[in-house]
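The values are calculated or read from the model by the stated rules, or taken from the named source; none is laboratory data. What you are looking at is a predicted structure, and each value in this text was computed from that prediction instead of being measured. Please note: Cβ atoms are built from the backbone with ideal geometry, for glycine as well, and neighbour counts cover all protein chains shown.
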Amino acid sequence: MKRKFLYSELLKRIKEKRRFLQVLSGPRQTGKTTLVLQVLEDSGIPSHYVTADEPGARDTYWLEQQWEIARLLLREHNSALLVVDEIQKISNWSDAVKQLWDSDTRHKLPLKVILLGSAPLLIEKGLTESLAGRFEIIAVPHWSFDEMKEAFGWTLEQFIYYGGYPGAADLIADEIRWKRYLLDSLIETTISRDIFLLTRVDKPALLRRLFQLGCSYSGQILSYQKMQGQLVDAGNTVTLAHYLNLLSGAGMLTGIEKYSHADVRQRASSPKLQALNTGLISSQDHRSFAEARKDAEYWGQLVESCVGAHLMNTTFGTAFNVTYWRERNHEVDFVVQNGKKLIGIEVKSTKRRSALPGITEFSKRFKPHRNLLIGGQGIQLEEFLSKPAAHWCS
């Protein structure tokens, strides 16, 4: 189970003698805070936990105060751990952390620090700009099918429709309430607090509409020019690409690039839109769970989106790269690459497609390590979702 592994890994790291900043980065409601609190309870190390999500806790002076409290714990107990949640809410946090961390290093104060952030793109930017060589990242992705099944007894169909949000799992008996919770407490909170407040967005309404469009077209290839045609006041394609990148950095929606040997061509390709949690799709759609199951085309879209989200989430923070391939009317749903090793993946669903399966043509051109069929007479969907992408690429 992914979160059990993350728990063990974090506990091991904070008990080591060597000293690195530990950074837990991932979307909202993936269990980062719960994970850390469990580790604190079981570690036996005196600790000071604070969150920058509280009013008045968004400047470096506040951070310095909390750091000093942890230093006092260290002097009293000879070991201490400082945990700062929602670190991205503090202006210039990375520069402040660098100064405090380097000061402790010079004075040989072995204070250990864990930082948590729910805006992965912004966290990564701050780390690489100011804290190079001082940190290790633990990526915390969306919950998997196995985790939702073990924790809540979900069926495969429930996971496909409701996605992997543990905080909303108890609400699915009342679908209106479940949808309202995701729309208000998760989607709007992520957009307004993790994107708008932390980076410049000149057209906030456009970013919201792009997110809605991306969820409705999840699993489909859509050029930026076609996106412009679907959106009012869409601006230029550079703006749309930038906003899609922000949504990806918040763990909501991404654009999967086309596989190509030529990197420049790959980055210039039309993206395959991919919601990173199928709950984001269902919460914005008018269909109930029962209605979605009866709509073969829509359910096929959810199935393919579920596979894509699984691939993206289980490769999050790894060296694996997920793309798609399409040439004329031949298409491979997903291509997973690790170094020189390629895996072609075709999803057997009832969703109508304009392109034909292109595994044979893809194999002729690129000689992949293996090709996988998910569903139909291939690997059963439940089995595929029960293992990370690395398992199928070994």
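Here are the numbers:
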| quantity | calculated |
| --- | --- |
| Which numbered condition ARG18 misses (of (1) at pLDDT 90 or above; (2) loosely packed, with under 14 Cβ neighbours inside 10 Å; (3) under 22 Å from ALA132 (Cβ atoms)) | (1) |
| 2 or more residues within 18 Å of TYR161 (Cα to Cα) and in contact with a Gly (Cβ under 8 Å, 6 or more places away or on another chain): qualifying helices (runs of 4 or more DSSP H) within region 283-394 | 296-314 |
| Whichever residue in region 64-83 is within 12 Å of HIS48 (Cβ to Cβ) and within 31 Å of the chain's Cα centre (by Cα) and, among such residues, is surrounded by the fewest Cβ atoms within 10 Å (Cβ to Cβ) | GLN66 |
| ALA151, sole failed condition from (1) crowded, with 20+ Cβ neighbours inside 10 Å; (2) in a helix (DSSP H, G or I) | (1) |
| Scan of region 84-116 for residues that are surrounded by fewer than 17 Cβ atoms within 10 Å (Cβ to Cβ), among the acidic types (Asp, Glu) and farther than 19 Å from SER25 by Cα, ordered by number | ASP102 |
| Selection within region 166-216 - among the acidic types (Asp, Glu), at pLDDT 95 or above and crowded, with 19+ Cβ neighbours inside 10 Å | none |
| Single unsatisfied condition, MET227 versus (1) assigned to a helix (DSSP H, G or I); (2) over 28 Å from ARG328 (Cβ atoms) | (2) |
